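Chemist: There's a structure below that I have some questions on.
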Amino acid sequence: MTATGIGAPVRRKEDQRFVTGQGRYVDDFNRPGQAYAYFLRSPHAHAAIRSIDVGAAQTMPGALAVFTGDDLAADKIGGLICGWMIHSKDGTPMKAGPHPALAQGKVRYVGDHVAVVIAETLAQAKDAAEAIVVDYDVLPAVVDTAEAAKSSVQVHDVSPDNTVFNWHLGDKDATEAAFAKAKHVTKIDLVNNRLVPNPIEPRAALGEYDFGTDNYTLYTTSQNPHVARLVLSAFIGVAPEHKLRVIAPDVGGGFGSKIFIYAEETVCVWAAKKVKRPVKWTSDRTEAFLADAHGRDHVTHAEMATDENGKILGLRVHTTANLGAYLSTFSSSVPTYLYAPLLSGQYDIPAIYCEVDGVYTNTAPVDAYRGAGRPEATFVVERLVEKTARELKQDPAEFRRKNYITQFPHQTPVIMAYDTGDYAASLDKALELADYRNFQARKQESARRGKLRGLGFSSYIEACGIAPSQAVGSLGAGVGLWESAEVRVNPTGSVEVLTGSHSHGQGHETTFAQLVSDRLGIPIDQVSIVHGDTDKVQFGMGTYGSRSGAVGMSAIAKAIDKVIAKGRKVAAHVLEASEGDIEFKDGRFGVAGTDRSLAFGEVALQAYIAHKFSGQDLEPGLKEGAFYDPTNFTFPAGVHICEVEIDPDTGVTTIERWTAVDDFGVIINPMIVEGQVHGGIAQGVGQALLEGAVYDRSGQLVTASFNDYCMPRANDLPSFQVGMTVTPCPSNPLGIKGCGEAGAIAAPPAVINAITDALGHEDIAMPATPQAVWRAAQKARMPMAAE
Amino acid sequence: MYAFDYHRPTSARQAADLASQFEDMKFLAGGHTLLPTMKMRLAGPTNLVDLGQIAELRGIERSGDTLSIGAMTKHAEVAHSADVRQAIPALAELAEVIGDPHVRNRGTMGGSVANNDPSADYPAACLALNATIVTDRREIAADDFFQGIFTTALDEGEIITRIAFPVPSQAAYAKFRNPASRYALVGVFVARFADGVRMAVTGAGSNGVFRMPEMEQALAQNFAPEALNGIAAPEDEMNSDIHADAAYRAHLVGVMTRRAVQAAASRS
Ligand SMILES: Cc1cc2nc3c(=O)[nH]c(=O)nc-3n(C[C@H](O)[C@H](O)[C@H](O)COP(=O)(O)OP(=O)(O)OC[C@H]3O[C@@H](n4cnc5c(N)ncnc54)[C@H](O)[C@@H]3O)c2cc1C
């Protein structure tokens, strides 16, 4: 390992600009003549729009234009799309209602887009928006996930019972048979609470139109600018693909919420041409709460069957997934193909059957949020496994160990073919780091102080780098899930890598450069990573689902291989040797068995001056591209152990210890990986203890600010003990599995398992607030009084 | 935010004069309550009178058994003041757990007291310490000042200049933070004086900060947590929201009062 190569804890190159305030985010861009957009949003969860009178608004000072859904329709601008087709059990395609960028006839959630004002200043745009008169016929709303299918309120005409799909996966008969022969069945009811993503940088869009060239430019907070361009051109139709440049500059966190193509960026690009001015919109925090796609929101009943030896025989799951008022870009895939295929966890479960009902409600759209489906699946599996172990009076660690998959590859009953792993190794290491042996002593010590101590496991698995494209296409995906890379070597030997991945906190500018430095043997500061601009990078699928290492870097590795192959040809000419004798090692091209060699930079120069070879034999230049489509998902897995102490007088839960042992395959930069683990756990702890989006019955978002929506803070968290085990991933050239979501996937069940262990009973929902824990502690103390 | 005219007087007198000229005006102190509501267009005063340049509203003074704190004193100044730490350490400790460092370095005691947010911390201290709210017109006893959520005895255009706190023999503040906002879900200030005990509860009551005479009498007899056994906060007078319902708040009043008494009693 070199100081900057694969495996080195290189400090993040991008932090120079981030920590000195030099980052450039969308809102930092200002274009000459720029005007401002302000969206008038629905104050009602559900209402028919009788009329919208924009007359007065149009004459307000500074107002340039006021647009409604009619104006978009007149210009034949299409609605927003959902890019994954799900088929119900009966084979019918999902029933999705229209999703106009500006409401047409109806609003369906608080925050829905009614009209947009474009004005000289934001304040003037807001003033003008207040002058818009909307005549609403307010309708009753449906907000509750479990109630949606039974409600008399119908969100979309095309979706009876508010049901988008009744989907299933697995073998129902085999699962029934497994349950029929079970010795023991454990049942659980779970709610996976709705979360608001809250990246620190809110969404923003700046649209611009050049009348001279007919070119459009969109600066946007996107995790996948090429996908945004494709959707905006091919589906929504605001601009032809070759005329639209999408730039996603520095982006301050996404967590999934910036994958999707929203109304605001659509309108900004379109309106820029209409008003002949660049148009900027920057979300405020309230808008982010109301209208960023939310995450999770499942209601689940699950059952696990075990035999007389405590071996798991089967799992059956029924989930209702709240999709919100409209189908966001990838919403339909999250509670289906990103969820149910993970229900085998790390366990050898012969039969699994899962049914998922996707429902509309009068709430913000729900889509992928850090982990996307996998945290929901892990919560079901790990809560159920823990509860089963407790009911069988078995040690939860040993119960897991007994049921672990030990032979690889392993085909689960729910699509996935796990390639490699060593789950017991992670468990052993975690038990050691967590000092599991002495837990009882610590519990007794807590009890002496009147406190309740508990310990919870989460033995999670996730699937990253969703692929291959052929397979996901057969499951309904509207896109391929490969990645592209282009490696441009300059005559001086420095290298620019153009990647279709997008960094919004992950540190790609460092880790990707480490790969290049390692493979080409050049200093890391000779490498730049270029991303986030469709005029520079030809195409790419972007960053989500922990895919950038496994897929994005594999594409770079493939392009590097081509660069080296070409370099050998150049070197052969220069060194007057046969190509077959040229070796590339430690950054030098040399003739085997001799001391004749050229540095990488010398070969680059020779490639460009092209003095030593003829154009007939070899093309000048040194630039190679690659598209990489993986052969399988990757399967990071690990064991997290959470130890809590509860103050029964107040219900306050303190996390005393956190042990995380993860197998992410080959690690490029352990410091960055640890950071990802820390951040992921923080988000998972947030879900378990603090966060929860609450709508009241009328559909108002009660938790629409940080005053009521509790984000995790540093002092809510312990100092984490992070350990690693490594089984290299066999399905990509780098052996990488991915680490971006593991913490958020692993953490919630670990916390809840610890709390239920401390309390001695299972009935606690997320977020486990002090009030909820106090109440549960009361019940546990006085079982007679519980009802 | 709507447009407004901004004024920056240098004396309380000037401020009061300005206030009397405009119908729709607001005093601006730290701005930590006022400005967010203006930004969200929930408030739209046409005139803002900034109290920030008025020297007489600043400063912390101890004279005899009274600690007098200027209305424009920031929470961080209270938290770090040697005089406060020496006279009423519980008050400094209270100031230290208000919001976060940004808030503590902008928000003021006068702004907090004038605002009388039902989950603000200072009202509990004022009431339990039997403070006097001094304005540009009169002196108001804390018992008369706090009149329900966001409601005080202040008249239109009346300016809080100082708050005078009698120095207790022992006192403590126990705060159970709202996990999200970090305001008080339940905060209890207990103060022991030569002639009795006063306590006040913030965050919990559906009508704002309140005292519990039954607890005060019991603590006057025996200044120890056990004295509170059998005394419960009235559930039907408690606030209820997504963070805590009335029963939980009532329960926490008991827990936090015990903790405050414990802490105060262990103070020399
Ligand atoms: C994120 C955040 C967290 C917070 N957490 C807490 C907390 O944990 N505990 C807590 O107690 N508080 C908390 N606060 C409130 C804060 O500490 C201030 O006390 C509060 O904002 C009011 O003080 P201010 O100086 O900012 O007043 P301003 O916002 O300037 O004014 C508030 C009101 O009082 C009036 N006013 C101000 N000064 C006077 C005066 N001298 N005479 C008459 N009227 C006056 C103003 O006209 C206005 O109506 C928090 C605030 C924020 C933003």
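Chemist: Within region A:617-704, considering only strands (runs of 3 or more DSSP E) that don't extend past its boundaries, which have at least 1 residues that are within 14 Å of chain B (Cβ to nearest Cβ)? Outline the logic, then answer.
Modeler: Details: elements: A:623-628, A:637-647, A:652-663.
Strands (runs of 3 or more DSSP E) meeting the threshold: A:637-647, A:652-663.
Chemist: While we're on this one: Could you tell me whether B:ARG249 is open to solvent by 20 Å² or more (accessible area, probe 1.4 Å), within 24 Å of A:GLY450 (Cα to Cα) and within 12 Å of another protein chain (Cβ to nearest Cβ)? Walk me through how you get there before you give the answer.
Modeler: Working: open to solvent by 20 Å² or more (accessible area, probe 1.4 Å): no; within 24 Å of A:GLY450 (Cα to Cα): yes; within 12 Å of another protein chain (Cβ to nearest Cβ): yes.
Judged against the criteria, B:ARG249 is not a match.
Chemist: Pick from A:VAL267, A:VAL246: which is in a strand (DSSP E or B), crowded, with 23+ Cβ neighbours inside 10 Å and away from chain B (no Cβ under 14 Å)?
Modeler: Step by step, each of A:VAL267, A:VAL246 is checked, and only A:VAL246 is in a strand (DSSP E or B), crowded, with 23+ Cβ neighbours inside 10 Å and away from chain B (no Cβ under 14 Å).
Chemist: Which members of region A:502-525 meet the condition of being at pLDDT 95 or above and among the polar types (S, T, N, Q)?
Modeler: Residues satisfying the conditions are A:THR510, A:THR511, A:GLN514, A:SER517.
Chemist: Can you tell me which of B:ALA264, B:ALA233, B:ALA260 is more than 14 Å from chain A (Cβ to nearest Cβ), closer than 19 Å to B:LEU185 by Cβ and hydrophobic (A, V, I, L, M, F, W, C)?
Modeler: B:ALA233
Chemist: Here is a further query. Search region B:199-221 for residues that are without any contact (Cβ under 8 Å) to a residue 12 or more places away in the chain and in the same structural domain as B:ASP241 (by TED's automatic domain parsing) and pair each with any residue that is in a helix (DSSP H, G or I) and open to solvent by less than 60 Å² (accessible area, probe 1.4 Å) when their beta-carbon atoms are under 9 Å apart and the residues are at least 6 apart or on different chains.
Modeler: B:GLN221/B:ALA227
Chemist: Go through (1) surrounded by fewer than 19 Cβ atoms within 10 Å (Cβ to Cβ); (2) within 22 Å of the chain's Cα centre (by Cα); (3) more than 13 Å from chain B (Cβ to nearest Cβ) for A:GLY738 and report which single condition fails.
Modeler: (1)
Chemist: Return the residues of region A:149-191 that are buried (at least 18 other Cβ atoms within 10 Å of the Cβ) and free of Cβ contacts under 8 Å to residues at least 12 places away in the same chain; say none if nothing qualifies.
Modeler: Matches in region A:149-191: A:SER151 only.
Chemist: Among the candidates A:VAL639, A:VAL666, A:VAL685, A:VAL661, which residue alone is open to solvent by 30 Å² or more (accessible area, probe 1.4 Å), touching a residue at least 12 places away in the same chain (Cβ under 8 Å) and of a type in the set (A, V, I, L, M, F, W, C)? Talk me through it step by step, then tell me what you get.
Modeler: Details: A:VAL639 fails: open to solvent by 30 Å² or more (accessible area, probe 1.4 Å); A:VAL685 fails: open to solvent by 30 Å² or more (accessible area, probe 1.4 Å); A:VAL661 fails: open to solvent by 30 Å² or more (accessible area, probe 1.4 Å).
Going through A:VAL639, A:VAL666, A:VAL685, A:VAL661 in turn, the sole match is A:VAL666.
Chemist: Being part of a strand (DSSP E or B) and touching a strand residue (DSSP E or B) at 6+ places or on another chain (Cβ under 8 Å) narrows it down to one residue among A:LEU327, A:LEU290, A:LEU384, A:LEU313; which is it?
Modeler: A:LEU313
Chemist: Please state which of the following conditions A:ALA765 fails to meet, knowing it meets all the rest: (1) free of Cβ contacts under 8 Å to residues at least 60 places away in the same chain; (2) open to solvent by 30 Å² or more (accessible area, probe 1.4 Å); (3) away from chain B (no Cβ under 11 Å).
Modeler: (1) is the only condition that A:ALA765 fails.
Chemist: Also: Could you list all residues from region B:92-112 that are more than 7 Å from the ligand (Cβ to nearest atom) and surrounded by 24 or more Cβ atoms within 10 Å (Cβ to Cβ)?
Modeler: Selection gives B:LEU94, B:ALA95, B:MET109.
Chemist: Quick check: is even one residue across region A:713-733 within 11 Å of chain B (Cβ to nearest Cβ), within 21 Å of the chain's Cα centre (by Cα) and among the hydrophobic types (A, V, I, L, M, F, W, C)?
Modeler: So far as region A:713-733 goes, no, none of its residues is within 11 Å of chain B (Cβ to nearest Cβ), within 21 Å of the chain's Cα centre (by Cα) and among the hydrophobic types (A, V, I, L, M, F, W, C).
Chemist: Then there is this: Taking the criterion of being out of contact with any strand residue (DSSP E or B) (no Cβ under 9 Å at 6 or more places or on another chain), within 14 Å of chain A (Cβ to nearest Cβ) and more than 10 Å from the ligand (Cβ to nearest atom), would at least one residue in region B:15-32 satisfy it?
Modeler: No, the conditions are met nowhere in region B:15-32.
Chemist: Sticking with this one: Of the conditions (1) over 22 Å from A:HIS531 (Cα atoms); (2) buried (at least 21 other Cβ atoms within 10 Å of the Cβ), A:LEU206 clears all except one; give me its number.
Modeler: Condition (1) is where A:LEU206 drops out.
Chemist: What's the number of the only condition in (1) in contact (Cβ under 8 Å) with a residue 12 or more places away in the chain; (2) closer than 24 Å to B:ALA19 by Cα that B:ASP144 fails to meet?
Modeler: Unmet condition: (1).
Chemist: Can you name every residue in region B:226-245 that is in contact (Cβ under 8 Å) with a residue 40 or more places away in the chain and open to solvent by 20 Å² or more (accessible area, probe 1.4 Å)?
Modeler: Those that are in contact (Cβ under 8 Å) with a residue 40 or more places away in the chain and open to solvent by 20 Å² or more (accessible area, probe 1.4 Å): B:ASN239, B:HIS243.
Chemist: Any idea which of A:SER597, A:SER614 is open to solvent by less than 70 Å² (accessible area, probe 1.4 Å), out of contact with any helix residue (DSSP H, G or I) (no Cβ under 6 Å at 6 or more places or on another chain), under 16 Å from A:ILE522 (Cα atoms) and free of Cβ contacts under 8 Å to residues at least 60 places away in the same chain?
Modeler: On the way: A:SER614 fails: under 16 Å from A:ILE522 (Cα atoms).
Within the list A:SER597, A:SER614, the selection yields A:SER597.
Chemist: Just checking, does region A:498-517 include any residue being open to solvent by 10 Å² or more (accessible area, probe 1.4 Å), in contact with a Lys or Arg (Cβ under 6 Å, 6 or more places away or on another chain) and outside any loop (DSSP other than H, G, I, E, B)?
Modeler: Yes, the conditions are met somewhere in region A:498-517.
Chemist: Another question about this same structure. Quick check on my filter: what residues within region B:75-86 are part of a helix (DSSP H, G or I), away from the ligand (no atom under 13 Å from the Cβ) and open to solvent by 10 Å² or more (accessible area, probe 1.4 Å)?
Modeler: B:HIS80, B:ALA82, B:ASP83, B:ARG85, B:GLN86
Chemist: Now, a different point. Among the residues of region A:579-617, write down those that are under 45 Å from the mean Cα position of the chain (by Cα) and of a type in the set (Phe, Trp, Tyr).
Modeler: Residues satisfying the conditions are A:PHE584, A:PHE589, A:PHE600, A:TYR608.
Chemist: Related question: Against the condition more than 14 Å from chain A (Cβ to nearest Cβ), open to solvent by less than 10 Å² (accessible area, probe 1.4 Å) and within 16 Å of the ligand (Cβ to nearest atom), how does B:THR202 come out, does it pass?
Modeler: So B:THR202 fits the description; yes.
Chemist: Within region A:718-737, identify whether any single residue is within 16 Å of the ligand (Cβ to nearest atom) and assigned to a loop (DSSP other than H, G, I, E, B), and answer yes or no.
Modeler: no
Chemist: Let me ask something additional. Name the helices (runs of 4 or more DSSP H) wholly inside region A:399-493 in which the number of residues that are open to solvent by less than 20 Å² (accessible area, probe 1.4 Å) and not assigned by TED's automatic domain parsing to the domain that holds A:ASN732 is 1 or more.
Modeler: Answer list for region A:399-493: A:469-474.
Condition check ((1) of a type outside the set (A, V, I, L, M, F, W, C); (2) crowded, with 24+ Cβ neighbours inside 10 Å; (3) without any contact (Cβ under 8 Å) to a residue 40 or more places away in the chain) across all residues:
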residue	(1), (2), (3)
A:LEU343	no, yes, no
A:ALA351	no, no, no
A:ALA377	no, yes, yes
A:LYS387	yes, no, no
A:ASP395	yes, no, yes
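Chemist: Can you tell me which residue in region B:113-129 is surrounded by the fewest Cβ atoms within 10 Å (Cβ to Cβ), limited to those that are more than 14 Å from chain A (Cβ to nearest Cβ) and near the ligand (Cβ under 7 Å from one of its atoms)?
Modeler: Residue satisfying both the conditions and the ranking: B:ASN115.
Chemist: A:SER705 versus (1) within 16 Å of the ligand (Cβ to nearest atom); (2) among the small types (Gly, Ala, Ser); (3) crowded, with 23+ Cβ neighbours inside 10 Å: which is the lone unmet condition?
Modeler: (3)
The values are calculated or read from the model by the stated rules, or taken from the named source; none is laboratory data. Computed from a prediction, not measured in an experiment: that's the story for all the values here. Every residue, glycine as well, gets a Cβ built from its backbone with ideal geometry; the counts of neighbours run over all protein chains shown. These accessible areas exclude ligands, DNA and RNA; they are computed on the full protein's heavy atoms, side chains included. Shrake-Rupley method; radii C 1.70, N 1.55, O 1.52, S 1.80 Å.
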